[in-house]
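The values are calculated or read from the model by the stated rules, or taken from the named source; none is laboratory data. Since the structure is predicted, the reported quantities are computational estimates derived from the model, not experimental observations. Here Cβ is always computed from backbone atoms with ideal geometry, including for glycine, and neighbour counts include all displayed protein chains.
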Amino acid sequence: MKQAVLGSAFAPAYSILCENDRDAAERETLLDRVMGPRRKSKSSEKLRRGRLPADGLAFIAREPEGRMIGTVRLWNVSLGNTDVNALLLGPLAVVEECAGQGVGAALMLHAIAEARRLEHLAILLVGDAGYYGRFGFSADLTAALSMPGPYETNRFLALELVPGALSHASGVLYPSGRKAVVRSRVA
């Protein structure tokens, strides 16, 4: 399991870990708490529904005591009618009491580094350009792309991990990658 321990004199230490199956309920509770009940109605969620995150690209941040304080996942998507595959980032969430302490930035940098190490071409997301711009994300790279469903075009951003990876990409994003296995309950 990959782990990065981070912290400073001003912020508690925390570790960034690969997410595992035991983290699911705690992650969902964190996301509900941070993002609210409407999070499942977003266009990005349509691309994640029924899928598993990209292999090796789901991370959590935990305090030394074991409490989960942040999460980020990347998902496989295909770009329109092209043969270009990319990743969709999200959601990125940090518990309110740790906001502004660098946990989200550390999760972002870790996710980007791992995606690059695994030789993915690009990462897309819907989010605040002011926040994500510092990591290299730009709306300029998504001009010929669109999300399925409503979204704000100025918040649809991309980062090329390989220069020029999105230069010929166009069309609507659609989900790709591994499908989630639905376990039926036996009465």
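Within region 116-135, track down each residue that is in contact with a strand residue (DSSP E or B) (Cβ under 6 Å, 6 or more places away or on another chain), in contact (Cβ under 8 Å) with a residue 60 or more places away in the chain and under 24 Å from Arg62 (Cβ atoms). The one that is in contact with a strand residue (DSSP E or B) (Cβ under 6 Å, 6 or more places away or on another chain), in contact (Cβ under 8 Å) with a residue 60 or more places away in the chain and under 24 Å from Arg62 (Cβ atoms): Leu125. Tallying residues that are of a type in the set (Phe, Trp, Tyr) and either in contact with a Cys (Cβ under 9 Å, 6 or more places away or on another chain) or farther than 18 Å from Lys46 by Cα (or both) within region 58-99 yields 1. Residue pairs whose Cβ atoms lie under 9 Å apart, separated by 6 or more positions or on different chains, with the first residue in region 38-56 and in a strand (DSSP E or B) and the second surrounded by 11 or more Cβ atoms within 10 Å (Cβ to Cβ), are Arg51/Trp75; Arg51/Asn76; Arg51/Pro175; Arg51/Ser176; Arg51/Gly177; Arg51/Arg178; Arg51/Ala180. When region 28-65 is filtered for residues that are modelled with pLDDT of 95 or more and in contact with a helix residue (DSSP H, G or I) (Cβ under 7 Å, 6 or more places away or on another chain), the ones remaining, listed by number, are Gly56, Leu57, Phe59, Ile60, Ala61. Going by the structure shown, is Thr153 surrounded by 20 or more Cβ atoms within 10 Å (Cβ to Cβ) and without any contact (Cβ under 8 Å) to a residue 40 or more places away in the chain? Judged against the criteria, Thr153 is not a match. Tell me which residues, restricted to region 113-126, are buried (at least 18 other Cβ atoms within 10 Å of the Cβ) and touching a Leu at 6+ places or on another chain (Cβ under 7 Å). Correct list: Glu114, Ala115, His120, Leu121, Ala122, Ile123, Leu124, Leu125.
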